[in-house]
Amino acid sequence: MNKRVITLGEIMMRLSTPGHERFVSSNNYNIVYGGAEANVAISLANWGVSTAHVTAFPKSDIGKAALQYLRFAGLDTQYVFFEEGRMGLYFVENGAMQRSSKIIYDRFDSVFANFDGSFIDWKRVFEGADWFHWTGITPAISASAARICEAAVNAASELGVKISGDINYRRNLWQYGKQPLDIMPDLIAKTNLIIAGLTDFENCMDIHETDYTTACKKAQEKCPSIQYISTTYRKSISASHNGLSGVIWNGKELLESKSYDMTHIVDRVGGGDAYMAGLIYGLLEGADQEALEFAVAASVLKHSIPGDANFVSVDEVAQLVKGENVGKLLR
């Protein structure tokens with residue numbers, strides 16, 4: 001695909017207990033690097049889309065290792081900047097059966113949270129770009145991260161680059177004196193595709209509705225630039241067994257996807273990012289329903305992959321959509 005996508009956001013070191021070990025009993029951890037926006041970029045790069053990620057890493061061997069990971073995944077890393085400081089961490093204990101997974105974050109005062117970024121030439125970053133992706137995590141991290149996200153969204157909008165945003169409301173992140181309604185509405189107003197559930201609408205757009213279609217209509221009335229609104233629905237039977245489906249509002253109707261029964265989940269972290277990547281890829285390629293089906297299938301397959309990133313091929317996703325691969329439909 002002859003397209004280029006830019007993403008922006010923090011990348012953290014992920015430390016996972018081996019297999020399904022508990023934090024209290026594990027003597028070692030498996031290390032990968034991940035972040036919501038970079039996970040989207042990695043999926044797209046794996047599907048043949050030119051991608052570049054904008055972020056900041058510490059000036060240390062840890063920062064170099066994270067950079068090598070992005071290069072291994074096929075990302076353009078020319079907009080990765082190095083500063084003094086620490087990398088954010090998060091710890092994962094994968095659940096099984098009726099025992100839920102656990103995640104512990106240690107991201108306070110990270111390099112990215114303190115990164116100024118005012119020197120970034122966004123016109124150069126977006127040269128030749130077709131799409132820009134951000135999430136609500138970035139403006140929630142710190143005042144400086146919010147300013148970087150605002151500058152990127154404003155530049156992309158002015159340059160006519162399509163913009164997607166996973167609203168991803170995280171109550172515990174907004175700790176620097178601003179609330180989501182102080183910042184998020186202006187970012188969403190310039191965004192063309194958003195991932196949002198009812199909680200996101202309430203906390204980031206001041207839309208209080210119990211019906212999803214009604215909430216989508218009100219969001220488009222507030223922000224006419226929005227062309228698509230989407231979300232996923234998860235049925236949790238156990239930590240190892242979930243159902244998954246998705247919907248997308250295209251301004252005229254709410255389209256629904258197939259539902260999948262995922263019976264032996266390996267790792268659900270990054271499933272939402274795989275869905276977002278699938279939507280971007282699908283909408284760059286063609287029709288709304290096909291994009292939705294591709295996105296849900298991509299997310300389903302991510303649940304079979306350890307780590308944050310979704311290293312599955314376009315053919316594997318397409319086979320699942322067609323019902324030619326593992327994946328029992330609920331309906």
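Relative contact order of the chain: 15 percent, from C-alpha pairs under 8 Å at least 6 residues apart in sequence. Largest GNM mean-square fluctuation across ASN30, ASN310, ASN39, computed for the chain with C-alpha springs under 10 Å, falls on ASN30.
Largest mean-square fluctuation among ILE42, ILE188, ILE104, in a Gaussian network model of the chain whose springs join Cα atoms under 10 Å apart, belongs to ILE104. Debye-formula intensities of the stretch 123-199, expressed as log10 I(q)/I(0) at q = 0.23 Å⁻¹, are -1.04 (one equal scatterer per alpha-carbon, no solvent).
Of the heavy-atom accessible surface of the stretch 58-167 (probe 1.4 angstrom), what whole percent is carbon and sulfur? Write down the numbers at each step before the final one.
Working: 2640 of 5090 Å².
The nonpolar share, carbon plus sulfur, comes to 52 percent.
Sorted from greatest to least, the principal axis extents spanned by the alpha carbons of the stretch 176-331 come out as 43, 35, 26 Å. Applying 0.36 nm per residue to the separation of ASP186 and GLN98 and subtracting their alpha-carbon distance, the gain on full extension is 27.6 nm. Each of GLN227 and ARG124 was given a label point 7 Å from its Cα along the Cα-to-Cβ line. The distance between the two points is 2.9 nm. For the stretch 55-148, the Cα-based Rg and Dmax, in that order, read 15.7, 50 Å. Applying 1/(1 + (r/R0)^6) with R0 = 25 Å to the Cβ-Cβ distance of ASP211 and ASN172 gives a FRET efficiency near 0.35.
Summarising the strand pairing of the chain, around 50 percent of its internal DSSP beta bridges are antiparallel. Taking every protein chain into account, the accessible area of the chain amounts to 43 square angstrom per residue (probe 1.4 Å).
In a simple Cβ point-charge model (Lys, Arg +1; Asp, Glu -1; nothing else charged), the chain has a dipole of about 480 debye relative to its Cα centre.
Suppose R0 equals 41 Å; then what is the FRET efficiency for LYS64 and LEU254 from their Cβ-Cβ distance, rounded to the nearest 0.05? Each step should come with its number before you reach the end.
Details: r = 46 Å, r/R0 = 1.12.
Efficiency, from the Cβ-Cβ distance: 0.35.
When a 1.4 Å probe is rolled over the protein heavy atoms, the share of accessible surface on the stretch 227-331 that falls to carbon and sulfur comes to 50 percent.
Across the stretch 19-92, Cα-Cα pairs more than 13 Å apart make up 69 percent of the total.
Can I get the semi-axes of the chain's equivalent ellipsoid? Compute them from the C-alpha gyration tensor as square roots of 5 times the eigenvalues, in angstrom, largest first. Working shown, then result.
Values: eigenvalues 141, 132, 79 Å².
Working through the eigenvalues yields semi-axes of 27, 26, 20 Å.
When the Cα positions of TYR275, LEU193, TYR105 are compared along the charge dipole of the chain, TYR105 comes out farthest toward the positive end, with charges on each C-beta of Lys, Arg, Asp and Glu.
The values are calculated or read from the model by the stated rules, or taken from the named source; none is laboratory data. Just so it is clear, the model here is predicted, and its values are computed rather than measured. Every residue, glycine as well, gets a Cβ built from its backbone with ideal geometry; the counts of neighbours run over all protein chains shown. To get the accessible areas, we keep the full protein, side chains included, count just its heavy atoms, and leave off ligands, DNA and RNA. Shrake-Rupley method; radii C 1.70, N 1.55, O 1.52, S 1.80 Å.
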